[in-house]
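The values are calculated or read from the model by the stated rules, or taken from the named source; none is laboratory data. Just so it is clear, the model here is predicted, and its values are computed rather than measured. Methodologically, a virtual Cβ is constructed for each residue, glycine included, from the backbone with ideal geometry; neighbour enumeration extends over all protein chains shown. To get the accessible areas, we keep the full protein, side chains included, count just its heavy atoms, and leave off ligands, DNA and RNA. Shrake-Rupley method; radii C 1.70, N 1.55, O 1.52, S 1.80 Å.
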Amino acid sequence: MKTNLLVTASVALLLGVVLSQLGFFDGARLMRGLRNLGILTSDMVPPDIGVLPVTGKALWETVQMSFAGTLLGFLASLPLSVLGTRHLFSPIVSGAARFVAAAIRTIPVLLWAIIFVILVGLGPLAGTLGIAAYTVGYLAKIYADLFEGTDPEILEAVGSTGASKLHLVRFVFLPEGANAILTQVLFMLEYNIRASSILGFVGAGGLGFVMQVYLQTLEYRRLATVLLLILVVVLTMDGLSAWLRKRFLLTAQS
Amino acid sequence: MTQEADQNIALRTDGLWFAYREQDWVLKDVSLSIPLGKVTIIMGPSGTGKTTLLKVLAGILRPLRGRVEVLNQTVEKQAQRSLSTLIGYIPQQLGLVRNLTAMENVLMGALGRCGHGKVLLGVFPRREIEHAKAALDLMGIGHKSDEKVIHLSGGERQRVAIARTLLQRPRVVLADEFVSDLDMALALEILGRIRRAAQQEQITFVLSMHRVGLVRESAEHVLTLSHGKVIPGFPAQGVQGAPGVELPQ
Ligand SMILES: Nc1ncnc2c1ncn2[C@@H]1O[C@H](COP(=O)(O)OP(=O)(O)O)[C@@H](O)[C@H]1O
Ligand SMILES: [Mg+2]
C-alpha cells in the first residue's frame, strides 16, 4: 500500500518535470497555439474540391505503394521468421536472422525511403521498397515470436510422424498461426497506408509530394482535401480488414 | 534372455533414470517390458511421471541413464524419420492442428513418407488419401473428414488423433491420458476401437491413465508407476488413496 503510493507520487512528479521541460506549462504559448489553431482551421474550410483529380491520382499511387510494399515485405518476412525460430534452427542461425530483422527495424520507414531514393532514384519505386524493408523487419520479429509460441504438444505429435522442418512450417506453424499472421499483416497494411502518405516529402512518390506543395504555398484548403482523402482511405481499410477478419479468421465455437 | 521372450516384447527399458532438475528424479531405475500386439495401460495418480515416462519412451526426452529398446532397436540411435516407423506418440491434448480439417490432420501421419513437392502445396498422393479415409472410417468419423478440428467434439478429436497414428503405421503407439477426459461409455467405445486396430494392424498400444475404473474395464496388461518406479499390476495401497485415482471395488 505504502510503496504503491510512493510509486504513484514519484511517477506523477517525473511526469510533471518532463511536461514542464517540454513547455506544457507555458500558458502564453499555449494560448497562442489555441488562437493559431482557430486561424488554421478557418483557413482550411471549405476544402478545395478542385484539386481532387490531382490528389486522387497521388492518393492512388500511395495506395498502390502500400499494398505492393506490404505484400513484398510480408513474403520476405516469412522465410526470415522461420530462420529466426529457435525450435527449428540452432542459436547461431536463429540469432543471426533475428539480428537482421532487428537491424532493419531500427531504421525508420522515412529513412528507408531516403536510402532507396538514393539507390533507385525519385518516385514510387523507392517508396515501395522503403515500405517493404520496414515491413520485413517488423513482421519477421512478430512471426518468429509467434512461431516459437506454438503449442509444443502439436510439434511433438506431428514431429513424431517423421515430418521435416519444412513440413512443420507448412502444416503446423502456418495454420496454427494463421489468425495472428493475418491480423498482423492487416495491421501493417493500415500502418503503411498512413506512413506512406508522408514518403512523398522525401521524393519517394505518393500523396506526400502534393501535401508538401500545399503546405509550402500555404494552400490550406487544398491540404484539407488531401487530409480528408487519407481519412476516407483509412476508414475504408478499417472496414476491409474487419471484413477480412470476419471472413477468414478461425472462430472457436467449441 | 531367450529368443522367444524377445519376439513377444514390443518395448523394453533397462534402468531408466530421468530428472528435469538435477537430482530431482522423476523416473528412478525404471525397467519394464511391454508385450507385443496388446493394449498396455500405465497407471498412477497425477504427477507421478506418466507423461515423462511416455516422452522418454517416444524419444522426445533423453534418459539421463538407461535406454529404451523398441523391437530390439535402441530408440536414441534412430533418426526422427526412421523412428516414426517404430513409434507413434499422441500427447495428452492430442496435438492436432486446430485450423486444419480432420482429413488433413490424419494425413499428417503420412509426412514421414512424403517429400517436399506437391505435399507442400497441400496435395497428398492418392494412395495416402485412400488410407486416411479408411482410417477415419475405422474410427467411425468418416462423415466429419472435412470439418476443421476446432469444430469437433472431444471424442471426435480423440478419433482423429488415433486415425493420424494409424496412417503413420508405427509398430508401437504411446498415448498419454488417452480418453481420460471422456465419459465412461464413450471412453470404452474408443478403447474398443483401439483394441480392434491393435489386432487388425498388429500395433502395440501403451496408454497412460489415472482412472482405475476405466483401466479395470479395458486393460489387457497393467503397469503402475509409483514414486518413480514401475511395478506390474494394479496400484499398491499407497497409490490408491492419492488424488485423481478412483478406488477399485
Ligand atoms: N517440463 C518440466 N519441467 C520440470 N518439471 C516437470 C516438467 N514436466 C513435469 N515435471 C514434473 O515431473 C513430475 C511428473 O510429471 P508428469 O510426468 O507430467 O506426471 P503425470 O503425467 O503422471 O501427471 C511432476 O512432479 C512434474 O511437476
Ligand atoms: Mg500427465
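Could you tell me whether any residue of the stretch B:199-219 is surrounded by fewer than 17 Cβ atoms within 10 Å (Cβ to Cβ), modelled with pLDDT of 80 or more, under 18 Å from B:G49 (Cβ atoms) and touching a Gly at 6+ places or on another chain (Cβ under 9 Å)? Taking every residue of the stretch B:199-219 in turn, none turns out to be surrounded by fewer than 17 Cβ atoms within 10 Å (Cβ to Cβ), modelled with pLDDT of 80 or more, under 18 Å from B:G49 (Cβ atoms) and touching a Gly at 6+ places or on another chain (Cβ under 9 Å).
For the stretch B:41-66, a residue qualifies if it is within 14 Å of chain A (Cβ to nearest Cβ), near ligand 2 (Cβ under 10 Å from one of its atoms) and open to solvent by less than 20 Å² (accessible area, probe 1.4 Å), and the qualifying residues are B:T52, B:L54.
Among the listed residues A:T3, A:T70, A:T41, A:T8, identify the single one that is out of contact with any strand residue (DSSP E or B) (no Cβ under 9 Å at 6 or more places or on another chain), modelled with pLDDT of 90 or more and more than 30 Å from A:L240 (Cα to Cα).
Working: A:T3 fails: modelled with pLDDT of 90 or more; A:T70 fails: more than 30 Å from A:L240 (Cα to Cα); A:T41 fails: modelled with pLDDT of 90 or more.
Only one candidate qualifies: A:T8.
The set of residues in the stretch B:97-115 being more than 7 Å from chain A (Cβ to nearest Cβ), surrounded by 24 or more Cβ atoms within 10 Å (Cβ to Cβ) and hydrophobic (A, V, I, L, M, F, W, C) consists of B:A102, B:V106, B:L107.
B:V173 meets all of the listed conditions (1) crowded, with 24+ Cβ neighbours inside 10 Å; (2) assigned to a loop (DSSP other than H, G, I, E, B) but one, namely (2).
Taken over the stretch B:173-212, residues that are more than 14 Å from chain A (Cβ to nearest Cβ), within 14 Å of ligand 1 (Cβ to nearest atom) and charged (D, E, K, R) amount to 1.
Scanning the stretch A:209-240 for residues that are in contact (Cβ under 8 Å) with a residue 40 or more places away in the chain, within 23 Å of A:G130 (Cα to Cα) and open to solvent by less than 50 Å² (accessible area, probe 1.4 Å) yields a total of 7.
Residues to consider are A:L83, A:L52, A:L30; find the one that is within 27 Å of A:L199 (Cβ to Cβ) and open to solvent by 40 Å² or more (accessible area, probe 1.4 Å).
Only one candidate qualifies: A:L52.
The condition (being at the interface with chain A (Cβ under 9 Å from one of its Cβ atoms), open to solvent by 20 Å² or more (accessible area, probe 1.4 Å) and over 19 Å from A:G159 (Cα atoms)) is satisfied by just one residue among B:G122, B:G154, B:G142: B:G154. Apart from one condition, B:A134 fits all of (1) surrounded by fewer than 23 Cβ atoms within 10 Å (Cβ to Cβ); (2) within 11 Å of chain A (Cβ to nearest Cβ); (3) among the aliphatic types (A, V, I, L, M); the exception is (2). Looking across the stretch A:124-175, just one residue is touching a residue at least 24 places away in the same chain (Cβ under 8 Å), within 26 Å of B:G59 (Cα to Cα) and of a type in the set (S, T, N, Q), and that is A:T150. Checked across the stretch A:87-109, the condition of being open to solvent by 60 Å² or more (accessible area, probe 1.4 Å), under 22 Å from the mean Cα position of the chain (by Cα), modelled with pLDDT under 95 and under 16 Å from A:V185 (Cα atoms) holds for at least one residue.
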